[in-house]
Amino acid sequence: MSVFRFDKNSLPTPDQAERYMIGEIEKKYFGPGGEIVLIEFPEATYLRDDREHIGILYTGPKDRQKAFKEVTRLLGRYAKERPDSTGNA
């Protein structure tokens, strides 16, 4: 259906929250310190990345799969950025 991206200064609108972000939720945490949070609602999935201060709202069943792909992409990118045990990036 739709994908909505929010930066650190914005959040889903009240209309989006009332329409998609209701009902029982399941939270999943990823990355060091759980800096990536995936919140699954019956009608949507919200991805919050505390490292980059962004949020992405995925609505509809097809777009829900995009949320999991984005988590995988972010984890891979952050793993490459993290210095190894010798202090090298």
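The values are calculated or read from the model by the stated rules, or taken from the named source; none is laboratory data. Since this is a predicted model, take the numbers as computed values, not measurements. For neighbour counting, all protein chains shown are included, and Cβ atoms are generated from backbone atoms with ideal geometry for every residue, glycine included.
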Looking only at residues that are buried (at least 17 other Cβ atoms within 10 Å of the Cβ) and touching a helix residue (DSSP H, G or I) at 6+ places or on another chain (Cβ under 7 Å) in region 32-44, which one is nearest to residue 82 (Cα to Cα)? 36
Only one residue in 38, 57 is among the aliphatic types (A, V, I, L, M) and in contact with a Pro (Cβ under 6 Å, 6 or more places away or on another chain). Which one? 57
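If you take the residues in region 45-72 that are among the acidic types (Asp, Glu) and touching a strand residue (DSSP E or B) at 6+ places or on another chain (Cβ under 8 Å), which one is surrounded by the fewest Cβ atoms within 10 Å (Cβ to Cβ)? Steps first, answer last, please.
Initially, region 45-72 is screened for residues among the acidic types (Asp, Glu), giving 49-50, 52, 63, 70.
Checking the rest, the ones that are also touching a strand residue (DSSP E or B) at 6+ places or on another chain (Cβ under 8 Å) come to 49-50, 63, 70.
On the way: 49: 19, 50: 14, 63: 17, 70: 18.
Restricting to residues being among the acidic types (Asp, Glu) and touching a strand residue (DSSP E or B) at 6+ places or on another chain (Cβ under 8 Å), the top hit is 50.
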Out of 11, 57, I need the residue that is modelled with pLDDT of 95 or more and either of a type in the set (A, V, I, L, M) or part of a loop (DSSP other than H, G, I, E, B) (or both). Which one? 57
How do the pairs read when you match residues in region 57-77 that are in contact (Cβ under 8 Å) with a residue 40 or more places away in the chain and under 12 Å from residue 4 (Cβ atoms) with residues anywhere that are of a type in the set (D, E, K, R) and part of a helix (DSSP H, G or I), using Cβ under 7 Å and keeping only pairs 6 or more apart or on different chains? 58/64; 58/66
Pull up region 14-28, narrow it to residues that are within 15 Å of the chain's Cα centre (by Cα) and assigned to a loop (DSSP other than H, G, I, E, B), then point me to the one that is surrounded by the fewest Cβ atoms within 10 Å (Cβ to Cβ). 25
Applying the selection to region 20-41, what residues are in contact with a Phe, Trp or Tyr (Cβ under 9 Å, 6 or more places away or on another chain) and not acidic (Asp, Glu)? 20, 21, 22, 23, 25, 31, 32, 36, 37, 38, 39, 41
